[in-house]
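Peer 1: Dropping the structure in here first, questions after.
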Amino acid sequence: GRFSRAEVFDLMLNPCFMSRWKIESDDIQVWVNWTEALNIFHAFDSESRLASGYAPVDSYTWKQGLERLRLSRIMAAPTAVDPAGFAHYRQRVPYSDVNSGDAGLVEKYCTVIEALHHQVKRLKQTGLSGRQWRQVLVEVCDQLLDIPPDYGGEGAVRQAMITALDRLELYECLLEKGARPALPVELIREFVRSNLGALSGGHGNYLTGGVTVSALQPMRPIPFRIVYVLGMEEGHFPGTADQSSLDLRLSGRRIGDISLPERNCYLFLEMLLSVQEKLYISYVARDLQKDRVRQPCSVVNQLKRYIEQEILADGQSFQVLEVPLAGSSDRYLDPTALNEWSDALVNYALTDRVAFYRIRRLWEAFKQQASGEDLERIARFEPNLSFESAPPEFEHHKPATITLRQLQKYLEHPVRQKLQRHLGLYDEDETLEDLVLREDEPFFAEFPLDYRLKMDPIRQWMDSLFIARDADTAQSGIETVYHRVYDACQRMSQTPEGAFAEIDRQELMDQVSQVVETLQPVLEQMQSAAELLRVVSVGDPAEEPMPPESPLGQKRFEPLQLAVPDLGGDSETGLLAVELHGRLPWMWRAADGSWHALVLTGSGRKPREPDKYVLGPVLFYLICLAGDESRQWIGPAGLTVHIVYREAVKAWAYRFDPETAEAYLAELAANLLNPSIAAWLPFEVVTNRKRSVVPQNTAEKDVDDHLRAQFAADLRDAYDDEEDYLIRIARPSIPPDALDKACRRFKLFFDCRKGAK
């Protein structure tokens, strides 16, 4: 194969391979995560890629990944850009994470991959005879595999394979004496596969215990307690006779000549005689493709007639039971489901029973009448997502910390942010199987890489622009900065290669150039500003990345202290102490004393109203207004937010008083800390002009009960399209006064005027 990650880890997960190398499933999980982070997809090195028809480069190969991992033992991973470019050693960028510090685990990972590559090279030899292939295959298996103690049955499989390989020497005898035929690897692979596939397998002793699954075949009628026969619909059993002209029985039958239908009928009789207690005969009664009813086969109909005529009382008919397709069907709870002639409608699955009550909205009524034992059994099917549990004791004495990013995410997705903060529920990590199956390199930069490739060069270029104060030099250097960033990602095998790389590089470069051109009017304002700050911080928001050190000014204030209402009712005083932290890059003060902020998006939007990109800057402005020292610094002139899109710059000017800022932040923080499910009011859904859900254009005097009801109905329709499974299992509320809540929460962001671009 291609020595792809799917092929490699498929072998690693084999118990015989794990036993040989003394590795556990946890080790393999770490190795899979390394493989994904190192962007290893297929081929061991550039020579292997060339032999497979790819370009002779090390991108996406195991060799570059292993070298990057080992390099981190002696060289720190780069965290910043120096004038010479990103730190690397001979085009290798060190990689490290929390597990790469385990030298033994790194060494075993490298040893296993290199040993596997060495054995694969042996299997790619050409011109080997049958005897030589036997020797190579046995040695490779001895090097890579070992039978675990609890897999004793694999010993017979190994011996069967060796016996099959012994027969390879017979191929040499088919040619002239003394000739040694060269057997291609394709032939050897099919030979081994066919011999291993022909081996029978099982658990326990055949026909003497447990459950036996087999085709309908002569089984020397051994009595079975219960027998299930499947697939007895019309057209499938007992089959059709062979009409081939090569069958001489068609011209004249003799005693002993039997056809396929006759043989199957005899096998059915043989099976029928071997049943001790119960016989279940099943057939598919509906043809979904042709939308028609299917009948049982002739043998089953013959059995029905015999039972009705010879066994059942006069006039009593043979009963046929239809089994429902869904395990949650109410037919399993029918009092007549179990009777004297059938017990097929028995379902012991607790999940199906719970699903039945939930589908028919009987869950609450059931819980009221259920016993304590039943409630204990079903507790795992109803997780508590209400955040009603008391917070840890230390939280009553330590102020709750909320960052600007958390407030912004709460406005965008309130239910998701609460699930993350109070229950620690995040998106499910990709499983090992998902990561292993990803074995093809990228053909274009996907999100979030494409966003980084557009925004990182612009940020670095702006740093150099304002450090040098030379617009002409910096403007001509944007292409250089972009290619430096792209080359750094290419060294880490994150970007495409070859012709795909050239197309992807140029397309992203065009977008970067377009954003820089759009940005020029704002840069002129920044260059003529009375004061320019690279970053302004309130507190220490550790979750937000800190810009690199810059000779430009930086401003820092202490975290904002607030006392917010305790909506959860856990505080004795009814108030909670809260600390707000935040950071905003690129702020400048104009000649009139007003402050301005820059937001880079790279988005292709051209909104006529403020969108989600104003949330962070406006929240930071409110935090500054609510603080004593920061309020004196930012002054009463207001803040203008410049949102830079790909083809346009939108400027929105805001001005609030400190009382409004403090009241809004206190209410927002209290709602975030409230240990109950939030109302489903995501920002983009609420402010979507395609629906009537637009509270920013709704004045309080225009709000009536009809408008509130219409707004709630629109929200419910939008919620039906929600695909986030975490939000759906939380079942957030959509209150009748959702319009009032949305207006209080979002109207502030639309109380602005268009600023100068």
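The values are calculated or read from the model by the stated rules, or taken from the named source; none is laboratory data. What you are looking at is a predicted structure, and each value in this text was computed from that prediction instead of being measured. Here the Cβ positions follow ideal geometry from the backbone for every residue, glycine too, while neighbour counts run over all protein chains shown. Accessible surface is based on the protein model in full, side chains and every heavy atom, while ligands, DNA and RNA are left aside. Shrake-Rupley method; radii C 1.70, N 1.55, O 1.52, S 1.80 Å.
Peer 1: If you take every DSSP beta bridge whose two residues both sit in the chain, what share of them, in percent to the nearest 5, is antiparallel?
Peer 2: Details: 30 of 50 bridges.
Roughly 60 percent of the DSSP beta bridges within the chain come out antiparallel.
Peer 1: Still on this structure, please answer the following. Roughly how much of Leu673 is accessible, in Å² to the nearest 10, using a 1.4 Å probe?
Peer 2: 30
Peer 1: Same structure, new question: Considering the dipole of the range 471-541 built from charges on the beta carbon (Lys and Arg +1, Asp and Glu -1) around the Cα centre, which of Ser528, Val538, Gln511 is farthest to its positive end?
Peer 2: Val538
Peer 1: What does the net charge come to around Phe9 if you take all other residues with beta carbon closer than 10 Å to its beta carbon, with K and R at +1 and D and E at -1?
Peer 2: Net of charged neighbours comes to -3.
Peer 1: Now a separate question. Once Rh is set to the Kirkwood radius over Cα pairs, what Stokes-Einstein translational diffusion coefficient, in µm²/s, holds for the range 570-696 at a temperature of 20 °C and a viscosity of 1.002 mPa s?
Peer 2: 129
Peer 1: Can you give me the angle between helix 705-720 and the longest principal axis of the chain, using Cα atoms only, in degrees from 0 to 90, rounded to the nearest 10?
Peer 2: Once rounded, one gets 50 degrees.
Peer 1: Moving on to the next point. Give me the percent of accessible area attributable to carbon and sulfur for the chain, probe 1.4 angstrom.
Peer 2: C and S atoms contribute 51 percent here.
Peer 1: Follow-up. Report the net charge of residues surrounding Glu412, where surrounding means a beta-carbon distance below 13 angstrom and charges are Lys +1, Arg +1, Asp -1, Glu -1.
Peer 2: For residues surrounding Glu412, the net value is +3.
Peer 1: Which percent of Cα pairs goes in each bin when the distances of the chain are cut into 20 angstrom slices starting at zero?
Peer 2: 11, 29, 32, 21, 6, 0
Peer 1: On the Cα set of the range 24-166, report Rg and Dmax in Å, please.
Peer 2: Values for the range 24-166 (Cα only, Rg and Dmax): 19.3, 65 Å.
Peer 1: What are the extents of the Cα atoms of the range 235-286 along their three principal axes, listed from largest to smallest and rounded to whole Å?
Peer 2: 43, 31, 10
Peer 1: List, in the order given, every pair from Lys555/Lys741; Lys555/Lys754; Lys22/Lys418 whose Cα-Cα distance in the structure shown is over 31 Å. Show your work: numbers first, answer last.
Peer 2: Values: Lys555/Lys741 35 Å; Lys555/Lys754 27 Å; Lys22/Lys418 43 Å.
Listed pairs above 31 Å: Lys555/Lys741; Lys22/Lys418.
Peer 1: For the chain, with every protein chain kept in place, what is the accessible area per residue (1.4 Å probe, Å²)? Before the final figure, lay out the partial values.
Peer 2: Values: 43210 Å² over 757 residues.
Using a 1.4 Å probe on heavy atoms only, each residue of the chain averages 57 Å².
Peer 1: Using the Karplus curve 6.51 cos²θ - 1.76 cosθ + 1.60 with θ = phi - 60°, work out ³J(HN,Hα) for each residue of the range 743-752 in order, rounded to whole Hz, and write x for Gly and Pro.
Peer 2: The phi angles translate into 5, 5, 7, 10, 4, 4, 6, 10, 7, 8 Hz.
Peer 1: Need the full-extension length gain, Leu312 to Asp721, defined as separation in residues times 0.36 nm minus the C-alpha distance. One decimal, nm.
Peer 2: Extending this stretch completely gives an extra 141.6 nm.
Peer 1: Here's something else I'd like to know. Tilt of helix 260-273 relative to the longest C-alpha principal axis of the chain, in degrees (0 to 90, nearest 10)?
Peer 2: It works out to around 90 degrees.
Peer 1: Right, next: Just the accessible area for Trp21, please: 1.4 Å probe, Å², rounded to the nearest 10?
Peer 2: The accessible area comes out at roughly 40 Å².
Peer 1: To continue, here is another question. Can you sort His236, His413, His642 by solvent-accessible area, 1.4 Å probe, largest first?
Peer 2: Per-residue accessible area, sorted high to low, gives His236, His413, His642.
Peer 1: Based on Cβ point charges of +1 for Lys and Arg and -1 for Asp and Glu, what charge dipole magnitude is obtained for the chain about its Cα centre, in debye rounded to the nearest 20?
Peer 2: It comes to approximately 1300 debye.
Peer 1: Here's another thing I want to ask about it. How large is ³J(HN,Hα) for each residue in the range 10-17, as worked out from phi by the Karplus curve 6.51 cos²θ - 1.76 cosθ + 1.60 (θ = phi - 60°), to whole Hz, x for Gly and Pro?
Peer 2: 4, 6, 4, 6, 5, x, 5, 5
Peer 1: Using the Cβ atoms and a cut-off under 14 Å, what net charge is assigned to the surroundings of Tyr54, where Lys and Arg are +1 and Asp and Glu are -1?
Peer 2: Summing Lys/Arg as +1 and Asp/Glu as -1 gives -4.
Peer 1: Measure out, as a whole number of angstrom, how far apart the alpha-carbon centroids of the range 89-109 and the range 119-133 sit.
Peer 2: 33
Peer 1: Could you give the angle, 0 to 90 degrees to the nearest 10, between helix 658-673's Cα long axis and the longest principal axis of the Cα atoms of the chain?
Peer 2: The angle comes out near 20 degrees.
Peer 1: Compare Arg608, Arg2, Arg131 by solvent-accessible area with a 1.4 Å probe and give them largest first, with all protein chains kept in place.
Peer 2: Descending order: Arg608, Arg131, Arg2.
Peer 1: For Thr336, Thr687, give the ranking by accessible area with the largest first, probe 1.4 Å.
Peer 2: Thr336, Thr687
Peer 1: Determine how many Å³ per residue the convex hull of the Cα atoms of the range 406-447 encloses.
Peer 2: 97
Peer 1: Let me cross-check Asp434: its accessible surface, 1.4 Å probe, with only protein heavy atoms counted, in Å² to the nearest 10?
Peer 2: Spelled out: Asp434, probe radius 1.4 Å, area about 80 Å².
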